[in-house]
Amino acid sequence: MVKQQDNVMKKILITLTIMFGFNNVQADNKDVCLAVMYSGVRTNLLEIHCGFKGEMSKKLAQTFVDMKCVDIISQEEIKVLGEQVSDSLFSQHEKMGGRAFCQAHKKGYMDLFKN
């Protein structure tokens, strides 16, 4: 139960940071930075391959910088996580086909913009 509450708190922090631009918030937790990075890479790939126009990946990238995650996560970790996310999405894309893949992810992407 504690682990689940931690995950909820991380999601709330990420959402608030994106929505309200808390530029002076610093992640005191590597997991929060990894979650922001994961979301940023994932949304960027969806924007590129599916043509989603929200530019949420830019907001997530700025959040990553503003939270000083670049001081917490090494370049090697960034590279590895980026490759893992990319491989996972490309695998889904191959299995589902382009159109079905994009349709399956559209609602989740659009939900990022709801308050």
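Closer than 21 Å to Cys102 by Cα and of a type in the set (A, V, I, L, M, F, W, C) - does that describe any residue in the range 60-81? First the steps, then the outcome.
Residues of the range 60-81 closer than 21 Å to Cys102 by Cα: 60.
Checking the rest, the ones that are also of a type in the set (A, V, I, L, M, F, W, C) come to 60.
Yes: one or more hits.
Scan the range 71-87 for residues that are part of a helix (DSSP H, G or I) and surrounded by fewer than 13 Cβ atoms within 10 Å (Cβ to Cβ) and report the count.
8
Among the residues of the range 25-74, which ones are polar (S, T, N, Q) and over 29 Å from Glu94 (Cα atoms)? Selection gives Gln26, Asn29, Gln62, Thr63, Ser74.
From the list Leu60, Leu112, which residue is within 24 Å of Cys33 (Cα to Cα) and modelled with pLDDT under 85? Can you show your working first?
Numbers: Leu60 fails: modelled with pLDDT under 85.
On inspection, the qualifying residue turns out to be Leu112.
Here Leu16 passes the criteria (1) among the hydrophobic types (A, V, I, L, M, F, W, C); (2) at pLDDT below 90; (3) surrounded by 13 or more Cβ atoms within 10 Å (Cβ to Cβ) except the one numbered (3).
Whether a residue is over 16 Å from Ala35 (Cβ atoms) and either of a type outside the set (D, E, K, R) or surrounded by 11 or more Cβ atoms within 10 Å (Cβ to Cβ) (or both) was assessed, and Leu46 passes this test.
Whenever a residue of the range 93-115 is more than 14 Å from Lys53 (Cα to Cα) and surrounded by 12 or more Cβ atoms within 10 Å (Cβ to Cβ), its partners that are modelled with pLDDT of 85 or more and charged (D, E, K, R), lying with C-beta atoms within less than 9 angstrom and at least six residues away or across chains, give the pairs Phe101/Glu94; Phe101/Lys95. What single numbered condition from (1) part of a helix (DSSP H, G or I); (2) under 22 Å from Lys114 (Cα atoms); (3) at pLDDT 55 or above; (4) over 14 Å from the mean Cα position of the chain (by Cα) fails to hold for Thr43? Among (1) part of a helix (DSSP H, G or I); (2) under 22 Å from Lys114 (Cα atoms); (3) at pLDDT 55 or above; (4) over 14 Å from the mean Cα position of the chain (by Cα), the lone unmet condition for Thr43 is (4).
The values are calculated or read from the model by the stated rules, or taken from the named source; none is laboratory data. Quick caveat: nothing in here was measured; it's all calculated off a predicted structure. Here the Cβ is made from the backbone with ideal geometry for all residues, glycine too, and neighbour counts use every protein chain on show.
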